[in-house]
Every structure is written in C-alpha cells, then in structure tokens.
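Since the structure comes first, as structure tokens, the remarks are kept for the end.
The values are calculated or read from the model by the stated rules, or taken from the named source; none is laboratory data. The structure displayed is predicted, hence computed values, not measured ones. All Cβ positions, even for glycine, are placed from backbone atoms using ideal geometry, and neighbour counts span all protein chains on display.
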Amino acid sequence: MKALLDLNFILPCAVACFWAIVFLQSGIDKVFDFKGNVDWLKGHFEKSFLGKFTSPLVATLTVFELVAGGLSAYGLINFLMTESTQWIEIGLIFSMISLLMLIFGQRIAKDYDGAKTIAIYFGVALLSALVLG
C-alpha cells in the first residue's frame, strides 16, 4: 500500500497513462476515420505546400502517435513489474516527436490557436521528462 502513496511510484504511472490516452485515442481515431481526417486536413492545409502531401503525412503522424501511445502503455505495464521507466521515456520521446510534427503543421497552416494548444501539450511533455529524469 505504501507504493500507492509514493510519488516516485504515482508520477511515472500518471505520465505513462496520460501519454497512452492522448496518443492511442488520437492514433486510433485516425485509423478508423482516416479518410475523414485526411479530407478535413486537406482543407486545413490547402493554402500551404503541405496540402499536396496530406495523406502520407497523416499516415506518418498516425504511426508515430500509435507508437507513442503503445510504448507509453507498455511502459506503464513494464514499470508496474520492474519499476524501470525506460519504456515510458521512449514513449515520451515518440510523444514529443509527434507533438513537434503537429505544431509544425499548425504553424505552416497559420493555425496559431491550434499551435498554442500543441505548445501546452509540449509543456506537459517537458514536465513529464523532468518527472522521469
């Protein structure tokens, strides 16, 4: 029971859960509604050079999101068994890469409000790194 009240136990679990939820939900949504996501994003990027590459970019982002979420979920399970944060950290790296992809797209599309939201998530990612560090 002591471990459940220990922040050294709770915080890595919270970090892993957060990123697993964020990126598994987002990645799975893109898998099951790929066409809808691509169609919406084509409009979002129609005035930028990214408009022509929307489908492969969404596919790439989807893979990174699923890897980030999957590694975070695996990291949680591994942490519960071994107390090693290694896989959570690897999941966090993929989460940060995914966020950088997203913010790049938002800035190119001149969606500055969307970019602000991604910047907040990136701040959480940096705090997550400090927690795990």
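Just a few scattered comments:
- Residue within the stretch 103-124 that is part of a helix (DSSP H, G or I), closer than 16 Å to VAL22 by Cα and out of contact with any helix residue (DSSP H, G or I) (no Cβ under 9 Å at 6 or more places or on another chain) present: yes
- THR117 vs. criteria under 23 Å from ILE28 (Cα atoms), at pLDDT 95 or above and of a type in the set (S, T, N, Q): yes
- Beta carbons closer than 7 Å, at least 6 apart along the sequence or on distinct chains, pair a first residue in the stretch 104-133 that is touching a residue at least 24 places away in the same chain (Cβ under 8 Å) with a second that is assigned to a loop (DSSP other than H, G, I, E, B) for ILE108/SER48; ALA109/PHE45; ALA109/SER48; LEU132/THR85.
- Boolean, PHE79 is out of contact with any Leu (no Cβ under 9 Å at 6 or more places or on another chain), of a type in the set (A, V, I, L, M, F, W, C) and at pLDDT below 95: no
Condition check ((1) under 14 Å from the mean Cα position of the chain (by Cα); (2) within 22 Å of ILE10 (Cβ to Cβ)) across all residues:
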residue	(1), (2)
ALA68	yes, yes
TYR74	no, yes
THR85	no, yes
PHE94	yes, no
LEU100	yes, no
GLY114	no, no
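- Residues of the stretch 16-41 satisfying the condition of being over 28 Å from LEU126 (Cα atoms) and surrounded by fewer than 16 Cβ atoms within 10 Å (Cβ to Cβ): PHE32, ASP33, PHE34, LYS35, GLY36, ASP39, TRP40
- Among helices (runs of 4 or more DSSP H) entirely within the stretch 1-84, having at least 2 residues that are over 19 Å from ARG107 (Cβ atoms) and in contact (Cβ under 8 Å) with a residue 24 or more places away in the chain singles out 7-32, 54-82.
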